[in-house]
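Below is one structure, written out as structure tokens; comments come after it.
The values are calculated or read from the model by the stated rules, or taken from the named source; none is laboratory data. Everything numeric in this text was worked out from a predicted model, so none of it was measured. Neighbour counts are summed over all protein chains in view; Cβ atoms, including those assigned to glycine, are modelled from backbone coordinates with ideal geometry. The accessibility values were calculated without ligands, DNA or RNA, using every heavy atom of the protein model including side chains. Shrake-Rupley method; radii C 1.70, N 1.55, O 1.52, S 1.80 Å.
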Amino acid sequence: MNGFKEHFKMKEEDAIRFIREKTDFFGENARLACQEIGDGNINYVFRVKDLDTGRSVIIKHGDKVSRTGGSQVSTDRNRIEAEVLKLEGELAPGSVPEVYLYDPVMCCLVMEDLKDYGNMRYELIKHQIFPGFAEDITTFMAQTLIGTTDVVLDPREKKQLAGRFINPDLCRVTERLVYTEPYRNLEGKNVLNPDNREFLEEELYQDPGLHLEAAKLKEEFKTKAQALLHGDLHTGSIFVKKGSTKVLDPEFAFYGPIGYDVGNVMANLIFAWANGEVTMEAGQEKEEFLGWLETTLEAIPDLFCKKAKTIIVERHKEPMADIDGFIDWYLEGILADTAGVAGLELNRRIAGSAKVKDIAGIEDTAERTWAERICVLTAKELILGREKKVIRGTDYVRAIKENRDKIRKEAGIL
């Protein structure tokens, strides 16, 4: 029976029928079970498993409305995600799950099940350490971001790629949630911690200098078609196990400023640091966890620039890239964007409606308030100082520690 000629919102039983009809991944007589495991705001994620062999596959299915809120969303996002994963797999082999099939009618992406991996956000909340992460993520970002720029690609090829990945609906979501609402709360959707309301309103809603810099960064996000971004590169979109890192969920992908991806990674590691700082008891475990995060934060911008520079030197097609000082200027711009975006991501997850469990999941209200303040004060420093004060990885660690100490001093702890 062919029941997939027109789009509809699938349920678990539909996912089993879909995988049988559209693929030969499982044998004809396989006993299959399905579970919907998605926890995002937009798509449905099904795991289909052979009960006898244990083999499994993931189906990511997009409906025409979001799964939370019921707002209209373009189903083209799943096509974008499938094509971006394939391209990223070519540019950075082994860094993304394998894509088996994309069905445009049902907006279904069938891909490798990373069941042996853990979601990095939840692993960090458990205070797990992944020593190779800085190397892995900077290799992924350098190869996929620099590898899709005008500097490395023929300009015609780059512009054709940019045309394939125009993503207006999800870019609009980013422009609203990241660049606008944390500072204006235009639609009244922001959710502020009641114990921190006065602080957050003063720091975020009543600072015109911050608003101006956010507006500048928003204009850059809308107009700077620098590279093909993942577009949502937080720790919830990264799966890890000892010795391996996989990146998934690039449904927000589009051509934008490189620092948007790098900054998102940095901000989400800062969330993990703030969680560990306020929730862990003093001792060796805390020292090791925070020490690893600090080393990772310090390493990522510098490793990314080192790898990016190597790629540009070895593969550039832009003749003007040979001019002395060009590459350094290019990378300095990325670093400034990185710091600005890291600050924006920190602010929007504290003040906006889309929280992160690293902070929102802190049960003790006093600890959560402290973590929020560390993040917001650090965010403002990153945004306002992005072109002069925040340049290297060590500047991020300095900022979070100085702002932690400032909060402690104000509370009379130091």
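Details
- The set of residues in the stretch 52-74 being in a loop (DSSP other than H, G, I, E, B) and open to solvent by 40 Å² or more (accessible area, probe 1.4 Å) consists of Asp52, Thr53, Arg55, Lys64, Arg67, Thr68, Gly69, Gly70, Ser71, Ser74.
- Checking Gln128 against (1) assigned to a loop (DSSP other than H, G, I, E, B); (2) buried (at least 20 other Cβ atoms within 10 Å of the Cβ), the condition it does not meet: (2)
- Residue selected from the stretch 1-51 under the condition among the aromatic types (Phe, Trp, Tyr), part of a loop (DSSP other than H, G, I, E, B) and closer than 25 Å to Arg67 by Cα, by the criterion most open to solvent (accessible area, probe 1.4 Å): Phe8
- Candidate set from the stretch 285-326 (those that are of a type in the set (Lys, Arg) and either outside any helix (DSSP H, G or I) or open to solvent by less than 60 Å² (accessible area, probe 1.4 Å) (or both)); member that is modelled with the lowest pLDDT: Lys317
- Candidates Lys189, Lys159, Lys218: the one that is closer than 30 Å to Gly276 by Cα and not hydroxyl-bearing (Ser, Thr, Tyr) is Lys189.
- Residue pairs meeting the criteria (Cβ under 7 Å; at least 6 apart or on separate chains; first farther than 24 Å from Gly118 by Cβ, in the stretch 75-99; second open to solvent by less than 10 Å² (accessible area, probe 1.4 Å) and of a type in the set (Phe, Trp, Tyr)): Ile80/Phe165
- Restricting the first member to the stretch 232-244 and to residues that are over 21 Å from Gly256 (Cα atoms), and the second to residues that are hydrophobic (A, V, I, L, M, F, W, C), the beta-carbon pairs closer than 6 Å and six or more apart or on different chains are Phe239/Leu114; Val240/Met120; Val240/Phe130.
- Answer from Thr338, Thr369 - the residue that is buried (at least 23 other Cβ atoms within 10 Å of the Cβ) and not hydrophobic (A, V, I, L, M, F, W, C): Thr338
- Residue count, the stretch 70-85 (criterion: modelled with pLDDT under 85 and of a type in the set (A, V, I, L, M)): 1
- The combined condition, being surrounded by fewer than 20 Cβ atoms within 10 Å (Cβ to Cβ), under 19 Å from the mean Cα position of the chain (by Cα), of a type in the set (A, V, I, L, M) and modelled with pLDDT of 95 or more, is fulfilled by Leu114.
- Number of the condition not met by Gly94 [criteria: (1) surrounded by fewer than 22 Cβ atoms within 10 Å (Cβ to Cβ); (2) part of a helix (DSSP H, G or I); (3) among the small types (Gly, Ala, Ser)]: (2)
- Residue check for Leu204: farther than 30 Å from Lys309 by Cβ and surrounded by 17 or more Cβ atoms within 10 Å (Cβ to Cβ): yes
- Residue tally, condition within 25 Å of Ala225 (Cβ to Cβ) and at pLDDT below 95, over the stretch 331-353: 0
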